[in-house]
Every structure is written in structure tokens, then in C-alpha cells.
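Below: the structure, in C-alpha cells.
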Amino acid sequence: MTSPAPGAPRSALSSSSSSFSTANQHALATILEASQTRSIIASRDIFDISGIKLWARDQPVSSALQRKLLDRQLRNPLESCLLAEDGVTAHTLTHAAEEQLAKDTPLTALLLPHAGRLLKEVSHLPLHSVPQLLLTASQASKPEAFEHAVQAMLLAGAMMDVHGGGVAELRLALLAGLLHDLGELYIDPRYGEGDPARGLDFVAYQQLVVHPHIGHLLIAQLTNYPGALSRGIAEHHERLDGSGYPHLLRRDEVSPLGRLLAVVEAALGSLRGAASLARASVALRVVPGEFDLHWLAAIEAAARAEPPRRANLTTAEVQGRLERLDATLQAAERQAGELLAQAESPPLKNALALSSHLLARLRLGWNASGLWSSAAVCVRDAAEVEAIEDELIFRLRGIERAALLRAGELAPGDASRLGRLCEALRSIS
């Protein structure tokens with residue numbers, strides 16, 4: 001995997017284990033909950049690191065296992081010692097994909113032309129026992145997360161099919177979409193629900209930012225899948241301009257599969273609720289240079305075929321909000337520049353430099369959108385202008401979380417200085 005970019009938030013990654021020598025309490029709780037309705041057994045004897053037998057082969061998992069595993073280091077990772085006998089299979093995945101394709105969602109028009117090939121290849125996906133166990137636990141205990149995985153699988157596959165991917169490439173894309181969020185099972189469930197980037201405070205964001213790294217470790221250390229798969233999963237929240245997470249990778253540091261997954265994840269995040277593909281297309285284009293244009297084409301083509309959207313606000317209301325957004329952006333840019341010029345400690349400098357970089361990216365998106373011109377706003381699709389504005393506000397608030405994550409623990413004086421920037425970033429309503 002590509003090394004983290006200089007100044008990447010390594011502190012955020014320290015909370016994730018570099019191995020699976022102990023059982024993760026959150027993943028185990030999800031597995032135990034699933035065992036109430038699924039047959040999950042030990043596929044081998046489970047020993048601690050000193051050789052003490054904790055659980056016998058073929059014995060169903062139960063809360064007693066959870067008690068025995070408490071604070072125990074294991075000879076083998078727990079995930080590789082368990083088997084979901086009646087869990088997710090290629091057949092049940094195909095059925096879940098068929099159900100998804102039958103729904104009337106913003107994705108339907110994009111997916112249906114590829115349905116035949118997608119279903120054929122889904123039925124042949126190789127499911128390693130570890131992700132099969134975790135998918136089974138997700139399906140039984142976190143059905144919304146499992147549905148998201150199926151949607152991502154289909155969207156990644158359809159986008160690969162649009163670009164003429166062969167059988168191996170298509171299956172890899174399908175697997176990547178299906179498995180990309182397995183790392184979320186390993187974080188506190190209070191922080192693992194909904195879109196990891198939208199509507200969450202910094203504490204929740206700080207927890208969630210490690211899940212691509214955990215997902216990478218799961219696939220790299222516990223399966224025999226190709227390295228391209230684990231690397232792509234590690235990169236599914238990265239952005240080509242260095243504004244993603246967890247490693248702030250840039251351009252060629254992000255693999256082709258990572259670029260595909262980044263578009264898939266961002267598109268699905270934008271489609272939550274009653275949004276349209278046009279809305280997702282706006283979110284993917286609003287800041288130039290974030291995503292690989294190669295993978296955006298399929299979504300933009302499907303978005304253009306949608307019926308016209310209706311704006312929730314009048315043109316005058318949108319113009320008023322855009323003026324406030326521009327004022328907030330200007331104030332934040334000025335504040336970040338002044339604070340950076342005065343900063344002395346490296347952690348504060350790093351946080352302010354990142355903020356300045358992200359604000360400059362946001363300003364580039366603002367300029368490219370033409371929203372600075374009231375005349376342009378008047379002649380454009382009001383629904384698109386509203387969508388661009390909403391996305392810019394979301395990005396502005398995200399800069400605060402990114403700055404806090406980069407800064408880590410600060411001395412009181414530095415924390416107060418960074419707080420001034422955060423207040424400026426939060427001032428948009």
C-alpha cells in the first residue's frame with residue numbers, strides 16, 4: 001500500500017490494530033447478534049497465545065465465548081476461526097442483487113442496462129470465509145449496511161462494465177464494492193451508521209476515519225485476495241487532490257480501483273434520502289480534481305437522462321444563501337491565512353496549512369461553478385444551483401473536521417487559535 005502522505009493523520013490510525021491478535025469487541029458483538037438467527041460455529045479449536053483452549057471446533061458461538069475472549073491474545077485471528085454455515089453465498093448475493101435491481105431508485109436507470117452481466121458475475125464471486133462471515137453478520141444485524149454493500153457492488157460493477165472491463169476486472173470491481181466498508185464493523189456502532197462524512201461531529205468523524213485502514217488490514221492479512229483489492233479498499237475515501245482520508249493521498253498515489261471506489265462511495269453518499277443522480281453528479285463535480293473523470297462519465301450520462309428536478313428554494317432565496325456562503329468562505333480564507341502566518345508549533349501549522357489548501361480547493365469549485373455571478377444564477381437550473389450550494393456548505397463544514405484531525409492534541413493556546421478558524425467555518429447556516 002502507498003505510504004501515508006507527509007502530515008497524514010497517523011494518530012487517527014493508531015486506534016486501529018495492525019493485526020487481529022485480539023478479538024474486536026464491536027465486530028464480535030455484531031457476530032454474536034447475528035448468531036441469534038444464523039448458524040455461526042467455530043471452524044477450528046480456538047486457543048489463546050499461551051496454548052489454552054478457549055472454544056472447541058464445531059461449537060456454536062455464544063456470549064460465553066465473548067467472556068472467554070476478554071483481553072485474551074489469540075493464536076489465530078478470531079475471524080479465521082469462525083464459520084457462518086448458513087451465511088451469505090454467491091447465490092444469496094445474486095438474490096440480493098436481483099432485489100436491488102427491481103427497486104425504483106435513482107440508480108436503477110444506470111444499473112439495468114448492465115443487469116444481465118452483473119448478475120452472471122455476482123453468481124461467480126469467490127467469497128473467502130472471513131468476509132463471508134462478516135457479510136453474514138452485517139446482513140443479519142445491520143441490514144442497511146448490507147444493502148449499501150450490495151448497491152456499491154452493483155454500481156462498481158456497472159461502471160466497470162461501461163468501460164469494457166473483462167471478467168477478472170469486473171469481478172474485482174464487484175468484490176471491491178461489496179467489501180469496501182467491512183472496516184466499519186470494527187468501530188463503535190455509535191459512529192458507524194449513516195454516511196461517514198455527512199452530519200457527524202468531529203468525535204464521530206475521528207472514529208470513522210480509520211475504517212478504510214481497518215478494511216485494508218482485514219483483506220490484506222486475513223484473506224488470499226489480490227493486493228489490488230485491499231489497496232483499493234484502503235483508498236475508497238481518498239481524493240485525487242489530497243483532501244480525502246485517511247492518508248491524504250494525491251493523484252497517482254491512488255490506485256485505479258481506489259479511484260473507482262472513491263466515486264462509488266461519494267455517489268452513494270449523495271444519493272441517501274430522496275436525492276437524484278443529478279444531485280450525485282453535482283456532488284462529484286463541485287470541486288474540480290477530486291475524482292477521476294474516467295469513472296464519472298457513467299454517472300453523468302445517467303444523470304442527464306433524468307427528468308428535470310424541482311428546486312426547494314426560490315432563485316432569490318438561493319442567491320441570498322450564496323451571498324452568505326461567499327462571505328463565510330472569504331472570512332475563513334482570511335482567518336486561516338492570518339493564523340498560519342502567526343503559527344509557531346508544527347501541529348498547528350499542519351492543521352492550518354491543510355485548511356488553507358482545502359479552502360483554496362473550495363474556492364476553485366466556487367469559481368468554476370459561476371455562482372459568484374448573480375446573473376449566471378438567474379439563468380441556471382435553480383435545482384442545480386441549490387445542489388451546488390448544499391455541497392459547498394457540506395465541504396466547508398468538513399474542513400473543520402479535517403483540521404482538527406490533522407492537529408491532534410494541541411496546547412491550550414494553539415487550540416484556542418484553531419478554534420477561531422473553526423468558528424469561522426461553522427458560521428454558515
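Results, tabulated for the structure shown:
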| read-out | value |
| --- | --- |
| Count of residues meeting criterion [under 13 Å from the mean Cα position of the chain (by Cα) and of a type in the set (D, E, K, R)] in region 237-260 | 3 |
| The one condition in (1) closer than 27 Å to A424 by Cβ; (2) surrounded by 14 or more Cβ atoms within 10 Å (Cβ to Cβ); (3) modelled with pLDDT of 85 or more that A341 fails to fulfil | (2) |
| Extreme residue, farthest from L296 (Cα to Cα), among residues of region 261-278 that are more than 12 Å from the chain's Cα centre (by Cα) and of a type in the set (A, V, I, L, M, F, W, C) | A274 |
| Test: residue in region 309-328 that is buried (at least 19 other Cβ atoms within 10 Å of the Cβ) and at pLDDT below 75 | yes |
| Residue among L125, L110 that is among the aliphatic types (A, V, I, L, M) and outside any helix (DSSP H, G or I) | L125 |
| Index of the failed condition, R231 passing every other in (1) modelled with pLDDT of 95 or more; (2) buried (at least 22 other Cβ atoms within 10 Å of the Cβ); (3) under 15 Å from the mean Cα position of the chain (by Cα) | (2) |
| Residue within region 246-269 that is modelled with pLDDT of 95 or more, among the charged types (D, E, K, R) and farther than 23 Å from A360 by Cα present | no |
| Residue ID - farthest from D292 (Cα to Cα), chosen from residues in region 145-169 that are part of a loop (DSSP other than H, G, I, E, B) and out of contact with any helix residue (DSSP H, G or I) (no Cβ under 8 Å at 6 or more places or on another chain) | G166 |
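Residues checked against (1) under 20 Å from the mean Cα position of the chain (by Cα); (2) buried (at least 23 other Cβ atoms within 10 Å of the Cβ):
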position	(1), (2)
L70	no, no
T89	no, no
P106	yes, no
L118	no, yes
L135	yes, yes
A158	yes, yes
D161	no, no
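Per-residue answers, yes or no, for (1) over 24 Å from the mean Cα position of the chain (by Cα); (2) modelled with pLDDT of 80 or more; (3) closer than 19 Å to L248 by Cα; (4) assigned to a helix (DSSP H, G or I):
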| site | (1), (2), (3), (4) |
| --- | --- |
| Q330 | yes, yes, no, yes |
| A351 | no, yes, yes, yes |
| W372 | yes, no, no, no |
| I388 | no, no, no, yes |
| R417 | yes, yes, no, yes |
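The values are calculated or read from the model by the stated rules, or taken from the named source; none is laboratory data. Just so we're clear, the structure is a prediction, and the values are computed from it rather than from any experiment. Ideal geometry is used to build each Cβ from the backbone, glycine not excepted, and the neighbour counts take in all protein chains shown.
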